[in-house]
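Enquirer: Pasting a structure here, questions to come.
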Amino acid sequence: MKNKPTYTIIAPIYNEIDNIQLLYTRISEVMAQTGEPWEFVMVDDGSSDGSTEAILELKAQDDKVKPVIFARNFGHQIAVTAGLDYSKGDAVIIIDADLQDPPEVILDLIQKWKEGFEVVYAVRSKRVGETWFKLFTASAFYRLIQRITDVNIPMDTGDFRLLDRKVVQVLNGMREKHRFLRGMSVWVGFKQTGVEYERAERFAGETKYPLKKMIRFASDAITGFSYFPLQLAMYLGFISTGISIISILVVLVLCLAGSQAFFGQATTLIAVLFLGGVQLISIGLLGEYIGRLYDEAKGRPLYITRENMEVEG
Ligand code: UDP
Ligand code: MG
């Protein structure tokens, strides 16, 4: 194999023992069709089901396989980031390990890259075998992101995409802790295009994105690319100030007219609870940003590998 591969395939792997072998076989078949040298960076994100051993076994059989083994679970986006750090190809392709992204689509991505595009993202034209809940939350998420962030993140794209080396270099310099890679790879600019594909069912295993992780992922995406939640406090402030000014006038007029409608405790209680709620929400939103600032300030590494992996070579 030539020292420098043309293509790097990156797969983040978290407990995907039943998918690894087929993933490797299908990617190998597809990549053989390109006739060019390639490498397969398999990032083990702290698996505990034997995926780690399976990856190391593949490496023993095929030196195109480059394992990156994390010391613990750092999360999908960080695993992909590590893959980008270790990649050497002129074009880098990020793909899920569960075969929901059909490896055959890689050839279409490469085709567009050869036409001169530097970011080629795969757009899900159809999703098979996912729950209505996943479909609904995913669609609501993309619409919300589209509305409130200042980058134009294409609808229904995942991390399945091809990035030119130039883009990878820029991304590797962006060391933010809370990462939303599909936003970051749009933010950098360059010539971008999409390729449609049908998202398949998971080959084996369960989703590694439970609701809690999805919520964290969504809030990273929003806080990473938008100040809207911070401004929300101001909007709510204006609205409640407006309402209270109107209420004062109404109560004054009613009192002058001799009405006793506002002598009770209930109105006071409702007003206090309402404002208390608004203030707590606003403080909570502030907290989200401050927490992220704090994470940045600590300056910890994005991930820890179990042993020193060779970066150069
Ligand atoms: N993944 C990971 N770390 C995690 C969660 C997921 O590396 O903490 C990997 C997982 O192994 C898979 C990819 O990220 O290759 C996408 O995860 P999944 O298929 O569970 O997400 P979904 O397709 O359900 O959104
Ligand atoms: Mg999946």
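Enquirer: Taking θ = phi - 60°, what integer Hz values does the Karplus form 6.51 cos²θ - 1.76 cosθ + 1.60 yield along the stretch 18-35, in sequence order, with x for Gly and Pro?
Expert: Once rounded to whole Hz, the list reads 7, 9, 4, 4, 5, 4, 4, 5, 5, 5, 4, 4, 5, 5, 4, 5, 6, x.
Enquirer: GluC sites (Glu not before Pro) within the stretch 102-132: which are DSSP loop residues with at most 10 other Cβ atoms inside 10 Å?
Expert: Counting only loop positions with at most 10 other Cβ atoms within 10 Å, the GluC sites (Glu not before Pro) in the stretch 102-132 are E115.
Enquirer: Quick one: which residues, 5 or more positions from V195 or on another chain, have an amide H under 5 Å from its amide H? H modelled 1.01 Å from N in the peptide plane, none for Pro or chain starts.
Expert: Amide H neighbours of V195: Y121, A122, V123.
Enquirer: Looking at T6, N19, S48, which one has the Cα that reaches farthest to the positive end of the dipole of the stretch 2-57 (charges on Cβ: Lys, Arg +1; Asp, Glu -1)?
Expert: The residue sitting farthest along the positive end of the dipole is T6.
Enquirer: Follow-up question, since we're still on this one. Just to confirm a number: summing +1 for Lys and Arg and -1 for Asp and Glu over residues other than R179 whose beta-carbon lies under 13 angstrom from that of R179, what do you get?
Expert: Every neighbour counted, the sum reads -1.
Enquirer: All other residues with a Cβ under 15 Å from the Cβ of V80 taken together, and with Lys, Arg as +1 and Asp, Glu as -1, what is their net charge?
Expert: It works out to a net charge of -2.
Enquirer: Can I ask one more? Distance cut-off 22 Å, Cα to Cα: go down the list K4/K208; K4/K166; K64/K126; K114/K166; K134/K166 and report the pairs above it.
Expert: With Cα atoms farther than 22 Å apart: K4/K208; K64/K126; K134/K166.
Enquirer: Select from V65, H178, M31 the residue farthest towards the positive end of the dipole of the chain; place +1 on Cβ of Lys and Arg, -1 on Cβ of Asp and Glu, and compute about the Cα centre.
Expert: H178
Enquirer: Sticking with this structure for a sec: Can you tell me how the stretch 229-284 classifies by the Cα gyration tensor, rounded, prolate or oblate, using a/c under 1.5 as the rounded cut?
Expert: Oblate shape, in that a/c is at least 1.5 and b/c is the bigger or equal ratio.
Enquirer: First compute the accessible area of the stretch 152-213 with a 1.4 Å probe, then give the percent of it belonging to carbon and sulfur atoms.
Expert: C and S atoms contribute 54 percent here.
Enquirer: If you don't mind, there's one more thing I want to ask. Quote the charge dipole size of the chain about the Cα centre in Debye, to the nearest 20; the model charges only the Cβ of Lys and Arg (+1) and of Asp and Glu (-1).
Expert: 980
Enquirer: Which lysines, if any, have their Cα less than 18 Å from the Cα of K298, not counting same-chain residues under 8 positions apart?
Expert: By straight Cα distance, K298 reaches K177.
Enquirer: If you count only protein heavy atoms with a 1.4 Å probe, what accessible area per residue comes out for the chain, rounded to a whole Å²?
Expert: Ligands and nucleic acids excluded, the figure is 52 Å² per residue.
Enquirer: What fraction of the DSSP beta bridges in the chain is antiparallel, stated in percent and rounded to the nearest 5?
Expert: Once the DSSP bridges in the chain are tallied, antiparallel ones form about 25 percent.
Enquirer: Would you please name the trypsin sites (Lys or Arg not before Pro) within the stretch 83-157 that are DSSP coil residues with at most 16 other C-beta atoms within 10 Å of their C-beta?
Expert: Hits after loop and neighbour filter: nothing returned.
Enquirer: Which one of Q231, T268, T207 has its Cα pushed farthest toward the positive end of the charge dipole of the chain, where Lys and Arg give +1 and Asp and Glu give -1 at the Cβ?
Expert: T268
Enquirer: Report the full-extension gain for the segment I239 to L211: residue separation times 0.36 nm, less the Cα-Cα distance, to one decimal in nm.
Expert: 6.9 nm
The values are calculated or read from the model by the stated rules, or taken from the named source; none is laboratory data. Predicted model, so just to flag it, every value in this text is computed and none were measured. Note that each Cβ is placed from the backbone with ideal geometry, even for glycine, and that neighbours are counted across all protein chains shown. Note: accessible area is taken over every heavy atom of the protein model, side chains too, but ligands, DNA and RNA are not part of it. Shrake-Rupley method; radii C 1.70, N 1.55, O 1.52, S 1.80 Å.
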